[in-house]
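Remarks on the structure that follows.
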Amino acid sequence: MADGRVIFTGTVVVDLVLRVGALPERGGDVLAESSGMSAGGGFNVMSAAARDGAEVLFAGRSGTGPLGEVVGEALWAEGIAVATPPIETVDNGYCVVLVDDDAERTFVTVPGAEGMLTRTDLDRIHPRAGDVVYVSGYSLAHPTSGPAVAGWLTELPAADAIVVFDPSPLVGTLDRDLLEAVLARTDVLSANAREARVLRAHAHPAPAAGALRGMLREGGVAVVRDGASGCWVATGDPAPGHLPAFPVTAVDTTGAGDAFGGVLAAAFARGLSPMDAALRANAAAALAVTRRGPATAPTAAETDTLLASHRTGA
């Protein structure tokens, strides 16, 4: 059987990345050391999945302004198919990303066309068995796309696709009913440690992963990412499994979670087990943080090389 597709229902914005030594104090100012503009947000997830060899379909919305052109060109360059044409007279939103000397990121996002996904748009998408539908909490934050995505997922037959959900840093502000509806249809949850604490108040990611699994549909898998400590994977075994991070020197953590999520989705689309999929995603995220920029996910060959060296102890 052919590999499944990764169908991305999330949002794509344009990132304006500013590198600073440290964030300014409130009311203060600081000179940026460098700046750059590129497609970001959900684009990083899709590019990670595509570079890992998955067929990717963008099921979200974009605009026709100058920022929409940046998004369209980026999707084309990665070979990502687009399900719906851009919305006329509306541009994409953008995100100001501040990256400091500790490689930490701080965000301010301005919404645009990416939040205008409707139920009619989604009803044109027909997932097949083996496809992976990737859902982002950013979609749930918008008044139009949030109910559309949650309602569509609720009616998506269990046999049609694997649903991967990344709750996003906005998880604490999301409508609770929408969030619980999406979680109830989620097969694989991928959250970082902070997001896991917001969803389930556990200080350590291991018990958080176990508790989160109980919020998913029967047989679901919860993955909690913990930065340089690796990730915890709850599959229903007596205790969540721990996968240590690959030892690297991080220079920019922007997009690390997206690289993890995209490769995780691609691995599930190829039929990998939860632990093998999380291990591969761990390796991809490790490579991503060694490079500056948002869309820094590695190719499949680069991830294969790191995994091979890990297995041989090289």
inquiry  = Just checking, does region 81-100 include any residue being more than 15 Å from Met116 (Cα to Cα), outside any strand (DSSP E or B) and among the hydrophobic types (A, V, I, L, M, F, W, C)?
reply    = no
task = Select, from Leu140, Leu170, Leu174, Leu122, the only residue that is touching a helix residue (DSSP H, G or I) at 6+ places or on another chain (Cβ under 6 Å) and within 30 Å of Val251 (Cβ to Cβ).
result = Leu170
Lone qualifier among Asp304, Asp276, Asp252, Asp258 - being assigned to a loop (DSSP other than H, G, I, E, B) and acidic (Asp, Glu) = Asp252
ask   = Which one of these is in contact with a Gly (Cβ under 7 Å, 6 or more places away or on another chain) and at pLDDT below 95: Arg213, Arg200?
value = Arg213
note = Scanning region 95-119 for residues that are at pLDDT 95 or above and hydroxyl-bearing (Ser, Thr, Tyr) gives Thr118
task = Would you point out which residue out of Ala81, Ala59 is open to solvent by 40 Å² or more (accessible area, probe 1.4 Å), of a type in the set (A, V, I, L, M, F, W, C) and in contact with a Phe, Trp or Tyr (Cβ under 8 Å, 6 or more places away or on another chain)?
result = Ala81
query = So, of the residues in region 1-49 that are among the polar types (S, T, N, Q) and crowded, with 24+ Cβ neighbours inside 10 Å, which turns out to be nearest to the chain's Cα centre (by Cα)?
reply = Asn44
inquiry  = open to solvent by less than 60 Å² (accessible area, probe 1.4 Å), touching a residue at least 24 places away in the same chain (Cβ under 8 Å) and in a strand (DSSP E or B): is that true of Leu153 in this structure?
reply    = no
note = By residue number, the members of region 49-73 that are over 15 Å from Glu114 (Cα atoms), touching a Ser or Thr at 6+ places or on another chain (Cβ under 9 Å) and part of a helix (DSSP H, G or I) are Arg51
inquiry  = Anything in region 100-125 that is open to solvent by 50 Å² or more (accessible area, probe 1.4 Å), under 18 Å from the mean Cα position of the chain (by Cα) and among the charged types (D, E, K, R)? List them, or say none.
reply    = Glu104, Arg105
query = Mind checking whether some residue in region 85-93 is under 21 Å from the mean Cα position of the chain (by Cα), without any contact (Cβ under 8 Å) to a residue 60 or more places away in the chain and over 26 Å from Asp252 (Cα atoms)?
reply = no
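The values are calculated or read from the model by the stated rules, or taken from the named source; none is laboratory data. Treat the numbers as computed from the prediction; the structure is a model and nothing was measured. Cβ: placed from backbone, ideal geometry, glycine included. Neighbour counts: every protein chain shown. Areas reflect the complete protein model, heavy atoms only, side chains present, ligands, DNA and RNA absent. Shrake-Rupley method; radii C 1.70, N 1.55, O 1.52, S 1.80 Å.
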